[in-house]
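Accompanying notes for the structure given below.
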Amino acid sequence: MLEVIREHAQGKIAKIILALITVPFALWGVDSYFKQGGGGPVVAKVGEQEIHQNEFSRTLKEQQDRMRTSLGKSYDPAMMDSPEIRKSVLDGLVNQQILLAEAKQAGLAVSDAQLAKLIAGIEAFHVNGKFSHERYEAVLRQQNMTIGMFEHRVRQDVLMQMAQEGVSRNAFVPGSVADGMIRTLEQQREIGQAVIQIEQFMPQVKIEASAIKDYYEKHQDEFKLPEQARLEYIVLSAENLAAQVTVSDEEIAAYYKEHARQFGQAEERQASHILIGVAENASATEKAAAMDKARKVLQEVKKTPDNFAQLAKQYSQDSGSASQGGDLGYFGHGAMVKPFEDAVFKMNAGEISDLVQSNFGYHIIKLTAIKPAKLRSLQEAHAEIVQELKKEKGGKKFAENAENFGNLVYEQGDSLAPAAKQLGLKVEQSGWVSRMASDTPLLSNPKLLQAVFTEEVLKNKRNTEAVEVRPNTLVAARLLEYKPASIKPLEEVSSALSQRLQRQQASVLAVKWGKDALAQLQQGNTPAALNWTPSQLVNRTKPPAGLTPEVLMAAFKAKVDKLPTYSGVENNQGGYTLVRLSKLVDPGVQDEARKKAYIQQFSSMLEREYAAAYLASLKQNTKISISKEALEKSER
């Protein structure tokens, strides 16, 4: 129960409570933001609404940033430059315009008061469990967003949800349909597998040199090497500059004095409680009974306060703390639900509260200890302050030198040495890079790679411009060595190509043998050389490890009028897998909780289908034109 109290305080219930508070809210710049979305050529037209290049580029960059954060080192900038990704992003903007137009036509609107309540419930903007306007502004600044931009987006998101709700809320799954779907999903089938590997057919395949040469000549595109360049480059970054600066003891002491609140540890309190639980939606009779019981327990606690722990073990319905005598440990502001917290932080150590009601029921609280607010010493905060001061100095030094860095690499474009010497930078060398990628993360930036593969750099031997490859990091590069696009020679690929062709032909033989074996099994014969795996029960929802989706699908597509029955699929190793279905196990009666969870899942799926179908119908009735150039043009 303790965990539940904490989660609810930080989750939905806290949001609902805070949303009901009247927040002094300034909706700054919303109207002006409506005029800022445009700019640049029109990339799509949806009815009478236009989507401009600036809006498309901004959305594409936001998606790029999300993918970079999500994928980390696996992120490849080239993936965002494909027409498919660009089309997906532009389709999203088109869908937004369609839904917003539908919301407008339906007369839907989000008032300032509604918007304030929604934003007040976002935990990212809370300090000590309450909405903080200062925190709100700070978080948006970190995301490079103004308040007007954010509030405009929230308003649009709500309008789009409202536009679809009228349709999706009609999604309903009848009980009989749900029962049938559950039986289908929960049914188990006993299967065995026999895998025909291509390796057993490899000795039968001989690849002639003429076949290798013929394939090579007819598939030259497979053996293309892209143009490549090897570079020298210099980096100006706030991070590197921060590592070079020094911080004096006087500066550290001054920072500590100016930011004393930053190094404080908030007050914490230790409390124990006895919970007499009652649900929020309980009947009046149930609530009255719970209150009566809580009052009787409170009387007993007041008579023998020293027995609080024993009484908590006896009466408390908080399973997380009852066995510990009701002890909840130390906690600060914002950790517990509000009525509980309010009571605790008004009490004195050793005091026992009257009944405190929350959405969990009735609490009897004993405050056992107070850990007062504490200021970390200068020594304790020393390392943190040094890091922060170095970061500040590095950022300031970067800002002072960034413009000079750009000017030097441009004005003395035949060498990086002058810029490196004047700014104290090291000239480094890269491995081979292509237009799409580099093994050096700093050089993988699409804009930098585009700058490298230009006539100015490749033919005229000039420096690239200073390119910001990530925040507070500039890179300039120049060519050391260049390899034009070429075709790998036959001698280099002959061995690997021979193995590939051998496997391809062995795969044909394996699949043919497997299909012939399946035909024999279906006729009641048993081919030799089949090694069946031990039988196992499988179902659709939780297939065992090692079972491929293709085999699972074959098992559940097989006819079951007569068992055993056999089916087969080509596997992803190039061979063939035979599947033997020997038994069906139908599920028993589902318990109500599990059935309810399934029905909720089915309803959610149906809601998404309704919403998608509704959007598709709106698109059919809307004139949409998309610029082909926008999908193909690089954003680098």
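Data table
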{"read-out": "The range 208-233, residues that are surrounded by 12 or more Cβ atoms within 10 Å (Cβ to Cβ), outside any strand (DSSP E or B) and aliphatic (A, V, I, L, M)", "value": "ALA211, ILE212"}
{"read-out": "Unmet requirement for GLY514, which otherwise passes all of (1) part of a loop (DSSP other than H, G, I, E, B); (2) under 30 Å from VAL569 (Cβ atoms)", "value": "(1)"}
{"read-out": "Condition met for LYS459 (within 30 Å of ALA254 (Cβ to Cβ) and modelled with pLDDT of 90 or more)", "value": "no"}
{"read-out": "Some residue of the range 415-423 being touching a Ser or Thr at 6+ places or on another chain (Cβ under 6 Å) and either free of Cβ contacts under 8 Å to residues at least 40 places away in the same chain or farther than 22 Å from LYS224 by Cβ (or both)", "value": "no"}
{"read-out": "Out of ARG500, ARG478, sole residue that is under 23 Å from LEU225 (Cα atoms) and touching a Gly at 6+ places or on another chain (Cβ under 9 Å)", "value": "ARG478"}
{"read-out": "Lone unmet requirement of (1) part of a helix (DSSP H, G or I); (2) modelled with pLDDT of 95 or more for ASP342", "value": "(2)"}
{"read-out": "Test: residue in the range 268-276 that is more than 23 Å from LYS346 (Cβ to Cβ) and either within 38 Å of the chain's Cα centre (by Cα) or not in a helix (DSSP H, G or I) (or both)", "value": "no"}
{"read-out": "Criterion violated by ASP354 - all others in (1) part of a helix (DSSP H, G or I); (2) loosely packed, with under 15 Cβ neighbours inside 10 Å satisfied", "value": "(1)"}
{"read-out": "Qualifying position, being at negative phi, without any contact (Cβ under 8 Å) to a residue 12 or more places away in the chain and crowded, with 16+ Cβ neighbours inside 10 Å, among SER438, SER444, SER434, SER430", "value": "SER438"}
{"read-out": "Sole residue being buried (at least 19 other Cβ atoms within 10 Å of the Cβ), more than 30 Å from GLN429 (Cβ to Cβ), at pLDDT below 95 and not hydroxyl-bearing (Ser, Thr, Tyr), chosen from ILE274, ILE191", "value": "ILE191"}
{"read-out": "Any chance GLU388 is among the charged types (D, E, K, R), out of contact with any helix residue (DSSP H, G or I) (no Cβ under 6 Å at 6 or more places or on another chain) and either under 21 Å from ALA229 (Cβ atoms) or modelled with pLDDT of 95 or more (or both)", "value": "no"}
{"read-out": "Qualifying residues in the range 493-535 (those that are within 18 Å of GLU199 (Cβ to Cβ) and touching a strand residue (DSSP E or B) at 6+ places or on another chain (Cβ under 7 Å)) - the one surrounded by the fewest Cβ atoms within 10 Å (Cβ to Cβ)", "value": "ASN531"}
{"read-out": "Residue match in the range 472-484 (condition: at positive phi and within 42 Å of the chain's Cα centre (by Cα))", "value": "yes"}
{"read-out": "Residues that are touching a residue at least 12 places away in the same chain (Cβ under 8 Å) and not in a strand (DSSP E or B), drawn from the range 185-205", "value": "LEU185, GLU186, GLN187, GLN197, ILE198, GLU199, GLN200, PHE201, MET202, GLN204, VAL205"}
{"read-out": "ARG135 at pLDDT 80 or above and among the basic types (Lys, Arg)", "value": "yes"}
{"read-out": "Filter pass, ARG540 being of a type in the set (Lys, Arg) and in contact (Cβ under 8 Å) with a residue 60 or more places away in the chain", "value": "yes"}
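Conditions (1) under 37 Å from the mean Cα position of the chain (by Cα); (2) closer than 30 Å to VAL278 by Cβ; (3) free of Cβ contacts under 8 Å to residues at least 40 places away in the same chain, marked per residue:
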{"site": "SER353", "(1), (2), (3)": "no, yes, yes"}
{"site": "LYS366", "(1), (2), (3)": "no, yes, no"}
{"site": "GLN387", "(1), (2), (3)": "yes, no, yes"}
{"site": "GLY394", "(1), (2), (3)": "yes, no, no"}
{"site": "GLU400", "(1), (2), (3)": "yes, no, yes"}
{"site": "GLY406", "(1), (2), (3)": "yes, no, no"}
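Let's see how each residue does on (1) surrounded by 13 or more Cβ atoms within 10 Å (Cβ to Cβ); (2) of a type outside the set (Gly, Ala, Ser); (3) assigned by TED's automatic domain parsing to the domain that holds HIS126:
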| site | (1), (2), (3) |
| --- | --- |
| GLU258 | no, yes, no |
| ALA288 | no, no, no |
| LYS296 | no, yes, no |
| LYS302 | no, yes, no |
| LYS338 | yes, yes, no |
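A quick yes/no check of all residues on (1) part of a helix (DSSP H, G or I); (2) modelled with pLDDT under 75; (3) among the polar types (S, T, N, Q):
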| residue | (1), (2), (3) |
| --- | --- |
| ARG594 | yes, yes, no |
| ALA597 | yes, yes, no |
| SER603 | yes, yes, yes |
| LEU606 | yes, no, no |
| GLU609 | yes, no, no |
| ALA612 | yes, no, no |
| LEU618 | yes, no, no |
| THR622 | no, no, yes |
| ARG636 | no, yes, no |
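The values are calculated or read from the model by the stated rules, or taken from the named source; none is laboratory data. Only a predicted model underlies this, so the values are computations on that prediction, with no experimental measurement involved. Note that we place each Cβ from the backbone using ideal geometry, even for glycine, and neighbour counts take in every protein chain shown.
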